[in-house]
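Data first, discussion second: the structure below is written as structure tokens.
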Amino acid sequence: MAEEAAVRAQAETVRRLKQDKADADEIAKEVAKLLEMKAQLGTDEGKHKFVLKTPKGTRDFGPKEMAIRERAFKAIISCFKRHGAEVIDTPVFELKETLTGKYGEDSKLIYDLKDQGGELLSLRYDLTVPFARYLAMNKITNIKRYHIAKVYRRDNPAMTRGRYREFYQCDFDIAGQFDPMIPDAECLKIVHEILSDLQLGDFVIKVNDRRILDGMFAVCGVPDSKFRTICSSVDKLDKVPWEEVRSEMVGEKGLSPEAADRIGEYVQLHGGLDLIEQLLQDPKLSQNKVAKEGLGDMKLLFEYLTLFGITGKISFDLSLARGLDYYTGVIFEAVLLQQDNEHLEEPLSVGSVAGGGRYDGLVGMFDAKGRKVPCVGVSIGIERIFSILEQRLEASEEKIRTTETQVLVASAQKKLLEERLKLISELWDAGIKAEMLYKKNPKLLNQLQYCEETGIPLVAIVGEQELKDGVVKLRIVATREEVNVRRESLVEEIRIRTSQC
């Protein structure tokens, strides 16, 4: 019996040890889970290490900034629609191979994403290449479209000058086989309209043609293999002097000093129809078939721009190169000359605010049979424009309205919450933009002050007497004038008065 008892006791001990071990393992698991959760949530001690900031090259936009942006977007979209454009959208990322090899030396700025599900993806660099892919994929040969969306560049940001890693582009493009220079002229007219409408100050739209550039490089002795890389150097002439560009061509890119000097004679020329005529008589350039073709089209373009009445803002500039590989014909870039700076101590320097050109071969790169769809388009540099508008408004101390509220529904006495709710519901249902304070019994003075602070132009006041008389007291905030309006006429009265604001 004693032996049995000893065996049982030993078995019980083993069981308890096993149970204790199981419990310990379970506790260890729970502790590990808690530690993991704690690490994710952060500790009190570690809170000071947590940096609240946006990623480099990005920013938040508060209500005031968004009001300015919406105003600019509205002007741009209105112009695009006025010219008959349809709107499209494409994914924020594309297959990496879609974007590769389309941007020349700028390809190094493409944001590549981690392999997800067997697809190598990249964030879109612009809206033009996705547009070309869209045309080829859907076999579209004729469309006039606009597209406003964010694009991404792994660039060194200069945010004070409107240069970001994440930013909006506003693109307008005409795709299809048309007679020469008519769509190109319309794109330049659109740039002129938008920059004039936004009142950014004096500007010039530089124009050139890739064919003129290629012909110029050929007659100057640049080898075919170096056309694109020399083009990228020339494109820097708006930022650095000719001496530096020449040094890069010769020292870094292996161009002969003689060829560089010959290029220098051309790229420092700019003018209008007179310069085009001069170059058509140039003994070397006029003998180059490609350059002559480009100059002929440039002359035609200036004739159309004269009919549009905008040649005063156009400059034929041989230094304009635009480094993107996909351009095939006319290229253009809008640059602000000086700001209308009544309130600013010194002019803002923000560089190019729009650019574009003709890219007849891009769609064919995506088509299995290489079928081409001629295209020309323009992209508005909206972030740089925003930088100017924001700084200008800040300097002028103009008050920006961040809402579009037309009327505040207010009460003059207590216990009128139900009546306010009924009235504001009627206004909302009629399409009126209305607000009310979220208090049962707000003071009338507080309600009126809210309107003055936020720029709400009208106050619809309900009181006991007004309810008996079937009227609403409408107060004009700016003049403090008050009129009684029949309840059934209130919506129309608000519409009339706010249309005059």
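Each value in this text was obtained by applying a stated rule to the coordinates, not by laboratory testing. Predicted, not measured: the structure shown is a model, and the values here were computed from it. Here the Cβ positions follow ideal geometry from the backbone for every residue, glycine too, while neighbour counts run over all protein chains shown.
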key: Student exercise, region 405-497 dipole from Lys, Arg, Asp, Glu Cβ charges, in Debye to nearest 20   = 280 debye
note = Full extension between LYS236 and GLN116 adds, at 0.36 nm per residue less the Cα distance, a length in nm of 39.5 nm
request  = Could you work out how far apart the two model spin labels at ILE182 and THR90 are, taking each label as a point 7 Å from the Cα in the direction of the beta carbon, and quote it in nm?
outcome  = 2.6 nm
ask   = Dipole magnitude of the chain about its Cα centre, charges +1 at Lys/Arg Cβ and -1 at Asp/Glu Cβ only, in debye to the nearest 20?
value = 1080 debye
key: Expected 222 nm ellipticity per residue - DSSP helices of 4 or more, -39500 (n - 2.57), all of the chain, to 500   = -13000 deg cm²/dmol
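What percent does the relative contact order of the chain come to when contacts are Cα pairs within less than 8 Å and at least six residues apart?
Relative contact order, the chain: 14 percent.
Less than 15 Å Cβ to Cβ from GLY271, Lys/Arg counted +1 and Asp/Glu -1: what total charge do the surrounding residues give?
With Lys, Arg at +1 and Asp, Glu at -1, the neighbours total -3.
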message = Please give me the summed charge of the neighbours of CYS79: other residues whose Cβ is under 12 Å from its Cβ, Lys and Arg +1, Asp and Glu -1.
response = +1
request  = Apply the Karplus parameterisation 6.51 cos²θ - 1.76 cosθ + 1.60, with θ equal to phi minus 60°, to every residue of region 172-179 and state each ³J(HN,Hα) to the nearest whole Hz, in sequence, with x for glycine and proline.
outcome  = 10, 9, 10, 10, x, 8, 10, 5
ask   = Using 1/(1 + (r/R0)^6) with R0 = 45 angstrom and r between the beta carbons of GLU404 and SER247, what's the FRET efficiency to the nearest 0.05?
value = 0.25
note = Projected onto the charge dipole of the chain (unit charges on the beta-carbon of Lys, Arg, Asp and Glu, signs +1, +1, -1, -1), the Cα from LEU195, TYR327, LEU416 with the largest positive-side position is that of LEU416
ask   = Packing-wise, with mean Cβ within 10 Å as the measure, how do 455-463, 389-397 rank, highest first?
value = 455-463, 389-397
message = Between TYR438 and LYS139, what is the label-point separation in nm under the 7 Å Cα-to-beta-carbon projection?
response = 5.5 nm
note = Non-local residues with an amide H under 5 Å from the amide H of LEU120, with H modelled 1.01 Å from N and Pro and chain starts lacking one, are LYS96
inquiry  = Let me check I've understood the local charge: for ALA260, count other residues with C-beta under 13 angstrom from its C-beta, Lys and Arg +1, Asp and Glu -1. What total comes out?
reply    = -3
query = Between LYS81 and ARG495, what length in nm is gained on full extension when 0.36 nm per residue of separation is reduced by their alpha carbon distance?
reply = 146.5 nm
ask   = Rounded if a/c is under 1.5, else prolate if a/b beats b/c, else oblate: with a ≥ b ≥ c from the C-alpha gyration tensor eigenvalues square-rooted, which is region 405-497?
value = rounded
ask   = Long-range amide H contacts for ASP209: which residues qualify at under 5 Å (H placed 1.01 Å from N, peptide plane, sequence gap of 5 or more or a different chain)?
value = ILE331
ask   = Rounded, prolate or oblate: which fits the chain, taking a ≥ b ≥ c as square roots of the Cα gyration tensor eigenvalues, rounded meaning a/c under 1.5, else prolate when a/b beats b/c?
value = oblate
message = Give me the one-decimal nm value for the distance between modelled label points at ASP469 and LYS299, 7 Å along each residue's Cα-to-Cβ direction.
response = 7.8 nm
